[in-house]
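This report concerns only the one structure given below.
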Amino acid sequence: MSTGVQMAGDIRLIVQGDDFGMCHAVNIGTMQAFREGILTQASAMAPCPWFPEAAALARESGIPLGMHQTLTCEWDHLRWRPLTDGPSLVGGDGTCFRTVAEAQVSITHVDAVRELSTQLARFAAEGLTVDYLDFHMGEVAPEAYAEISSATGKPYIYGCPDSQRFASITFLSEREATAKKPWTLAYIADLTPGVHLLITHCAVATPELAGLTAPGTNTYRWAEEYRTSDLSVVTHPEVRAAIDERGIELVTTHDAFAD
């Protein structure tokens, strides 16, 4: 007789932390989520100023990494440049475009492939292995992502056919802070057999985070509110207990694609 309880291994959950390397607060929050919470992997941003610290933390901890293919920079006061000199990659100030729409209009396939190849090489220079590819903010250059994936043999997890390996891909971050824990507990309770991907953006509360962008802008809530509340949820004992109670296996993209 079936008890209605799914056994361990029936449901597998990847919990991903995005924007690793963006700033110190994100690096510390990501590592806290990995060491103390349910985070299983992190997507790192090679062009960002705190990538060297993220690389050092990754070597020390062994956190599995993906490459957060980065062709945009959304912040008012934290601006980064591409690693290459492709003229289509930057706006008038010489930094990456602020929006996906601006980047889509400007960036050429050749410049995108060269930039993303250089970003990938920076991981190798730091002695890091990349398990998967995704993107920052939105899909700026899908053909370039596909070319990098094909050339490297790394899955591009947001593109077909690789995305079809997941039973669901869900974002935690853009929700009201007070609703996140109840939502997450309901999400865990409703997971079906298969591999699920839950994407988070974790950071610790610091003046650095609060100063990324101006109040009232489209990205303001992404600077501190969404990130600190994500960290609170993925490290919460009730969330861990709910996963354990259902027998859900916490895995990585490497695990899922090794099948």
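Quick notes
- In the chain, the DSSP-assigned H stretches of four residues or longer account for a calculated mean residue ellipticity at 222 nm of -12000 deg cm²/dmol, using -39500 (n - 2.57) per stretch and the full residue count as denominator.
- Counted charge near Ala189, where neighbours are those whose Cβ lies closer than 10 Å (Asp, Glu -1; Lys, Arg +1): -1
- Region 62-211: mean projected area of Cα convex hull, nm²: 10.8
- Residues whose amide H comes within less than 5 Å of that of Ile11, counting only those at least five positions distant or on another chain, are Gly194, Glu249 (H built at 1.01 Å from N in the peptide plane).
- Region 11-257 - charge dipole about Cα centre, Lys and Arg +1 at Cβ, Asp and Glu -1, debye rounded to 20: 200
- For region 210-259: rounded, prolate or oblate by the Cα gyration tensor [a/c cutoff 1.5]: oblate
- Remark on the chain: Cys23, Cys48, Cys160, Cys202 stand apart, with no other cysteine beta carbon under 4.7 Å.
- The trypsin sites (Lys or Arg not before Pro) of region 79-121 that DSSP puts in a loop, and whose beta carbon has at most 15 other beta carbons within 10 Å, are Arg79.
- Per-residue packing, averaged as other Cβ atoms within 10 Å, sorts the ranges 70-76, 212-218, 29-35, 253-259 into the order 29-35, 70-76, 253-259, 212-218, beginning with the highest.
- Angle in degrees between helix 142-152 and the longest Cα principal axis of the chain, rounded to the nearest 10: 80
- Degrees, to the nearest 10: 177-190 long Cα axis against longest axis of the chain: 60
- Using C-alpha pairs below 8 Å separated by at least 6 residues, the relative contact order for the chain is 29 percent.
- Estimated translational diffusion coefficient (Stokes-Einstein, Kirkwood radius over Cα pairs, 4 °C, 1.567 mPa s) of region 156-212: 96 µm² per second.
- Summed side-chain charge close to Val110 - residues other than Val110 whose Cβ falls under 15 Å, Lys, Arg +1, Asp, Glu -1: -4
- Of the residues Ala121, Ala55, Ala205, the one that moves most in a GNM of the chain with alpha-carbon contacts below 10 Å is Ala121.
- Semi-axes of the equivalent ellipsoid for the chain, Cα gyration tensor, largest first, Å: 30, 22, 16
- Using the Cβ of His68 as centre and a radius below 9 Å, the other residues enclosed give a net charge of -3, where K and R count +1 and D and E count -1.
Bear in mind these aren't lab numbers, they're just calculated from the coordinates by the rules spelled out. Please read all numbers here as calculations on a predicted model, not as lab measurements. Positions of Cβ are backbone-derived with ideal geometry, glycine not excepted, and every protein chain shown enters the neighbour counts.
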